[in-house]
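Encoded as structure tokens, the structure appears first; notes follow it.
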Amino acid sequence: MQKTTQQIIVGLGERSYAIDIGAGLLTRTPLFNALPQQILLLTNTVVGPLYAEQVLDQLSQHKVIVHTIDDGEQAKSLVNYGAIMDTLIQHNFNRDCAIIALGGGVVGDLAGFVAATYQRGVRFYQIPTTLLAQVDSSVGGKTAINHPGGKNMVGAFYQPQAVLIDTECLQTLSDRDYACGLAEVVKYGIIADADFFTWLEAHVQELNARESAALTYAIQRSCQIKAEVVAADEHEQSVRALLNLGHTFGHAIEAAHYDTWKHGEAVAAGTIIAAQLMFQLGELTAVEVTRIENLLQSLHLPVRAPLMQLEQWQAFMQRDKKVQDGTIRLVLPTAIGSATIRPMADWQMIGEAIKAMST
Ligand code: NAD
Ligand code: MG
């Protein structure tokens, strides 16, 4: 097995941290440098049985409490947050403890929020095990739990000490969750790096086969791009919003069809609508739209949105956090490799793009 490790530094001054990426890193000793004695390992009922033992083997010199939550988005809850706090307090965890997240974005977001708030903040480490968590949620320090009134309603910006990405973990991921992660990978190419987009086009086969060398590069480049954007705008006042390409349309699809569409799938369909809109505006060529569509499709992602009334799109899209004074602001590709954030009031034009890219 290839054991070369790639390292990305997320440059945030004194909150900077390293992301190590490679095949087989779960068996590396030590997993992380300078871990404290007391460790809470947070995982879920799917990932724990697959990978917790490997992690625990590396932590035999530490006092580790494993806390396992249910699978699924609903586990990112106030109830689980409270239960983890109970565990930490029952076991007399002090400020010199660490929380390690082993799992996808759900486990990572919850663990991060626990770490941000237990005794006003303790050390936090991430071992993301979905492609989405590896390229997206483990970079940038957003942590959150859901409230019955809305997703990610309670949260904090809180950076980890370090992130360890083992590409081998992706071998057990479902095809749909794997493709969802690829939607975010393609997004990075479109918003920031034409060469990376071209590289993705040339490595579709390797990516679909989950080959570790291709995965290591794709994850590394994705983390690098996200890290650069986050370093420029940690608290999402400006350019960090570019990471939302395809997401405003995507969120509307997810809201209307939450039981059948996954986030990454909705983002893929949303990305095509954004590209189509720019084609209509004369700012993206037909060739570029086709390249985006072909790449997403070859990675087994949907490229047409479900049929919905324009009023429904509008209602859901108006809830977007980028809406300013009632006007929606969309992230739109100006070329393969660059994007812009633009206020858009022309709903006829938006509706045309949606219609062209729906079935
Ligand atoms: P998830 O954590 O629910 O994981 C998806 C599924 O894969 C789950 O069933 C999980 O148990 C399973 N799984 C995880 N790793 C596996 C593995 N190696 N093998 C087999 N199965 C595995 O979902 P996700 O897509 O990873 O993350 C979605 C969450 O991330 C959402 O809550 C979202 O809000 C959040 N998110 C956060 C950020 C951020 O910046 N913090 C960014 C994007 C998304
Ligand atoms: Mg996303």
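All of the numbers you see were taken from the coordinates with simple rules; none came from a lab. Everything quoted here is computed from the prediction, not taken from an experiment. Cβ sites come from the backbone with ideal geometry, for glycine too, and all protein chains shown count toward neighbours.
Give the Cα extents of region 1-152 along the principal axes, in whole Å, largest first.
So the three principal-axis extents are 44, 35, 32 Å.
Order by neighbour count: THR290, THR43, fewest other Cβ atoms within 10 Å first, most last.
THR290, THR43
From zero outward in steps of 5 Å, how is the percent of C-alpha pairs of region 114-169 spread across the bins?
With 5 Å bins starting at 0, P(r) equals 4, 18, 24, 23, 18, 9, 3, 0.
So if R0 is 30 Å, what FRET efficiency would ALA202 and ILE341 give, r being the distance between their Cβ atoms, rounded to the nearest 0.05?
Approximately 0.55, to the nearest 0.05.
Is region 9-73 rounded, prolate or oblate when judged by the Cα gyration tensor, a ≥ b ≥ c being the square roots of its eigenvalues, rounded requiring a/c under 1.5 and prolate requiring a/b larger than b/c?
It is prolate, given that a/c is not under 1.5 and a/b is the larger ratio.
Around ALA339, which amide H atoms from residues at least 5 apart in sequence, or from another chain, sit under 5 Å from its own amide H, with H modelled in the peptide plane?
THR334
Return the single residue from ASP325, ASP109, ASP259 with maximal mean-square fluctuation; model: Gaussian network over the chain, springs between Cα atoms under 10 Å.
ASP325
Evaluate Rg over Rh across region 154-267, taking Cα atoms for both radii and Kirkwood's formula for Rh.
0.97
Mind listing the long-range amide H neighbours of CYS97? Cut-off is under 5 Å, sequence gap 5 or more, other chains count too, H placed in the peptide plane at 1.01 Å from N.
Those lying under 5 Å, H to H, from CYS97 are ARG123.
Give me the one-decimal nm value for the distance between modelled label points at LEU78 and HIS257, 7 Å along each residue's Cα-to-Cβ direction.
Between LEU78 and HIS257, the label points sit 3.2 nm apart.
Using only Cα atoms, locate the centre of region 253-277 and the centre of region 315-359, then give the distance between them in Å, rounded to an integer.
13
What is the ratio of the Cα radius of gyration of region 168-232 to 2.2 N^0.38 Å, where N is its residue count, to two decimals?
Against the empirical 2.2 N^0.38 Å value, I get 1.08 for region 168-232.
Rg and Dmax of region 94-136, using alpha carbons, in Å: what are they?
When restricted to Cα atoms, region 94-136 yields Rg and Dmax of 10.5, 32 Å.
Residue-wise, which Karplus ³J(HN,Hα) couplings in Hz belong to region 87-103, taking 6.51 cos²θ - 1.76 cosθ + 1.60, θ = phi - 60°, and x for glycine or proline?
My calculation for region 87-103 gives 4, 4, 6, 4, 8, 6, 5, 9, 5, 8, 10, 9, 9, 10, 9, 10, x Hz in order.
Output the Kirkwood hydrodynamic radius of region 92-200, Cα pairs only, in Å rounded to one decimal.
14.8
Restricting things to alpha carbons, find the Rg to Rh ratio for region 214-292 using the Kirkwood radius for Rh.
The Rg/Rh ratio comes out at 1.03.
For region 225-359, just run the numbers: alpha carbon Rg, then divide by 2.2 N^0.38 Å, N being how many residues it has.
Compared with the compact-globule rule of thumb, region 225-359 sits at 0.99.
If we count other beta carbons within 10 Å of each Cβ, what is the order of CYS97, CYS169, fewest first?
Ranking CYS97, CYS169 by Cβ neighbours within 10 Å, fewest first, gives CYS97, CYS169.
As a footprinting exposure proxy, order GLU14, GLU234 by other Cβ within 10 Å, with the fewest listed first.
Neighbour counts put them in this order, fewest first: GLU14, GLU234.
What are the ³J(HN,Hα) couplings of region 186-198, residue after residue, when phi is run through the Karplus curve with 6.51, -1.76, 1.60 and θ = phi - 60°? Round to Hz, x for glycine and proline.
Calculated HN-Hα couplings, in order: 4, 3, 4, x, 5, 7, 9, 7, 4, 5, 5, 4, 5 Hz.
Can you spot the lysines whose alpha carbon is less than 28 Å from LYS187's alpha carbon? Ignore those fewer than 8 places along the same chain.
Within the straight-line cut-off, LYS187 pairs with LYS3, LYS76, LYS142, LYS151, LYS226, LYS262, LYS321, LYS322, LYS355.
Run the numbers for THR5 and SER298: contour at 0.36 nm per residue of separation, minus the present Cα-Cα distance, in nm.
102.7 nm
Take the Cβ-Cβ distance between GLU352 and GLU14 as r, set R0 to 41 Å, and report the resulting FRET efficiency rounded to the nearest 0.05.
0.25
Multiplying the sequence separation of GLN309 and ALA34 by 0.36 nm and subtracting their Cα-Cα distance, what value in nm do you get?
93.5 nm
Report the residue, chosen from GLN61, GLN318, GLN134, that carries the largest GNM mean-square fluctuation when the chain is represented by alpha-carbon nodes joined by springs under 10 Å.
Largest GNM mean-square fluctuation: GLN61.
In deg cm²/dmol, rounded to 500, what helix-only [θ] at 222 nm does the chain give when every DSSP H run of at least 4 residues adds -39500 (n - 2.57) and the total is split over its residues?
-12500 deg cm²/dmol
Note down the nm distance, to one decimal, between modelled labels 7 Å out along Cα→Cβ at GLU53 and at HIS91.
In this crude spin-label approximation the distance works out to 2.0 nm.
Per q in 0.06, 0.08, 0.11 Å⁻¹, report the Debye log10 I(q)/I(0) for the chain, using one uniform scatterer on each alpha carbon and no solvent.
Log10 of I(q)/I(0), two decimals: -0.21, -0.38, -0.72.
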